[in-house]
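The structure under discussion appears below in the form of structure tokens.
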Amino acid sequence: MAIIYPNLNHALRVPLAAEVHSRPYLRLEAPESLTHLAVYARDGARSASNNAAAQHMLLSALCAHFGVTAPVSDAKYFFHDFGRFRLKWECHTEFATYTFAQRHEADLPLAEAFERVPLFHLPQEWLAGLQGKVMVAAHVVLDRTRGASDAFAAGLRRVFEGNNLVGSRVLQGGELWTDFLIQSDGFSRFVVRDVGLHEQQSGRLVQRVLEIETYRMMALLGLPHAQQATPVLNAIEGELAALTVEMVDGVIADAHALSAADTDREQALLNTITGLAARIEKLALDNSYRFSASQAYFRLVDARIDELRETRIEGFPTVGEFMDRRLTPAMNTCASIARRQEALAERIAHTNDLLRTRVGIVQEHQNRQILQSMNARAAQQLRLQQAVEGLSVAAISYYMVGLFGYAGKAAKAIGWPVNPDLLTGALVPVVAAGVWLGLRRMHRQIHGA
């Protein structure tokens, strides 16, 4: 038989293969009672690694109290039989769950079963260390009482304090009863009735029930964020509407005349809308993770409810119906606020683009005015230069004729037959014409270059 040697395996083959078995369900057999805690030790400032470290410290403290070796620091799952109770611990991204289970007498009434839960075996100092961190606290009684569902439901009125009892037949052999309320002892309560469950179905059913409760509460963490974001979004929308009206009024008023003062006004509007963009970006940064997580938890709740394969018990709403009426509207609110944030950010970006275009048009108009002014100044300088050019010809001609006059006088002094005055008078038009032609040529060369 061929053997796969360890060095032939991919480095992730073994851990990936073990991942699907990393969170097995508890093996339960009625009658049993359970206490379930979901500890939320992560806030906005903590990373997932810090959450895992904090959760492992809590588990290590509990194990140390009972003299049990704690799992390694990177463990995500832990199970141990402490004798009086069994513990299943799971570490998730944002929270960790502690599920304590113990067996009890078969004929123990439900009310007494909820008074003898495994919670009372836990050290009080450890429970005190969970202050402010418990997100879910629930007691579950797995019962095997026979009888009709109506008669059994009548007896549950003494167990649940709520008036709206939720119940359904699940997995073609079990019943689930609860009111989804936190009772006076601080715990929510669930009764799982085994009326014909197959082997190992009890553990899977209880795990799904506890996951529904845990993921329901974690999904609802997004609702306070949505409620807090609503007035902020209302204020930003109001300011954006006022800014848009002001911008449109400015465009209409200045459609035919733009002034230098427009730039200051448009720049002020641009600063305002930049502030709005920063505020909506901060709001989205604060809420986007929570809203995404809430939707993910909500999908898990729906998946676990589908796995229950509920059938109605006449007179009682099912878990699916209860969630549709109570949880779905809250999740729709979170989704609506998330979409509203995105739409408002897009509107602000669009308005910002329009305003920047407006500022660009104003600046281009001002640049065109500056260029026209520079052209006018250049034309004026050219005309002035042309006016002065005649004087320049006269001045240059005067000095050159004077030089020729001195040269004529010098020639007469050495005996040449030259009349300096006649020579000077004859050279005046020739020199003036030469100077004028020379300046014309020079100007032509400059313009050509």
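If MET57 satisfies every condition in (1) aliphatic (A, V, I, L, M); (2) modelled with pLDDT under 90; (3) assigned to a helix (DSSP H, G or I); (4) over 30 Å from ALA284 (Cβ atoms) but one, which is the exception?
(2)
Which condition does GLN131 not pass, out of (1) open to solvent by 10 Å² or more (accessible area, probe 1.4 Å); (2) polar (S, T, N, Q); (3) in contact (Cβ under 8 Å) with a residue 60 or more places away in the chain, if it passes all the others?
(3)
Of the conditions (1) surrounded by fewer than 16 Cβ atoms within 10 Å (Cβ to Cβ); (2) touching a helix residue (DSSP H, G or I) at 6+ places or on another chain (Cβ under 6 Å); (3) more than 16 Å from THR35 (Cα to Cα), VAL166 satisfies every one except a single condition; which number is it?
Every listed condition holds for VAL166 apart from (1).
Restricting attention to segment 310-349, report how many residues are in a helix (DSSP H, G or I) and either touching a Ser or Thr at 6+ places or on another chain (Cβ under 6 Å) or not small (Gly, Ala, Ser) (or both).
Filtering segment 310-349 down to residues in a helix (DSSP H, G or I) leaves 319-349.
Narrowing further to those that are either touching a Ser or Thr at 6+ places or on another chain (Cβ under 6 Å) or not small (Gly, Ala, Ser) (or both): 319, 321-329, 331-334, 337, 339-342, 344, 346-348.
The total comes to 23.
Is there a residue being open to solvent by 50 Å² or more (accessible area, probe 1.4 Å), among the small types (Gly, Ala, Ser) and at pLDDT 80 or above anywhere in segment 390-401? Before you say what the answer is, go through the steps one by one.
Step one: of segment 390-401, the residues open to solvent by 50 Å² or more (accessible area, probe 1.4 Å) are 391, 394, 396, 398-400.
The next check asks that each one be among the small types (Gly, Ala, Ser); those that pass are 394.
Narrowing the set further to residues that are at pLDDT 80 or above leaves none.
No - not one qualifying residue is present in segment 390-401.
With the structure loaded, tell me whether PHE298 is at pLDDT 75 or above, part of a helix (DSSP H, G or I) and in contact with a Cys (Cβ under 6 Å, 6 or more places away or on another chain) or whether it fails that test.
On the way: at pLDDT 75 or above: yes; part of a helix (DSSP H, G or I): yes; in contact with a Cys (Cβ under 6 Å, 6 or more places away or on another chain): no.
No: the conditions fail for PHE298.
Please tell me if THR214 is modelled with pLDDT of 90 or more, under 30 Å from ALA335 (Cα atoms) and of a type in the set (Ser, Thr, Tyr). Working first, answer last.
Details: modelled with pLDDT of 90 or more: yes; under 30 Å from ALA335 (Cα atoms): yes; of a type in the set (Ser, Thr, Tyr): yes.
For THR214, the condition - modelled with pLDDT of 90 or more, under 30 Å from ALA335 (Cα atoms) and of a type in the set (Ser, Thr, Tyr) - is met.
The values are calculated or read from the model by the stated rules, or taken from the named source; none is laboratory data. Remember, predicted model here, so these are calculated numbers, not experimental data. Here Cβ is always computed from backbone atoms with ideal geometry, including for glycine, and neighbour counts include all displayed protein chains. For accessibility, only protein heavy atoms count, side chains too; no ligands or nucleic acids. Shrake-Rupley method; radii C 1.70, N 1.55, O 1.52, S 1.80 Å.
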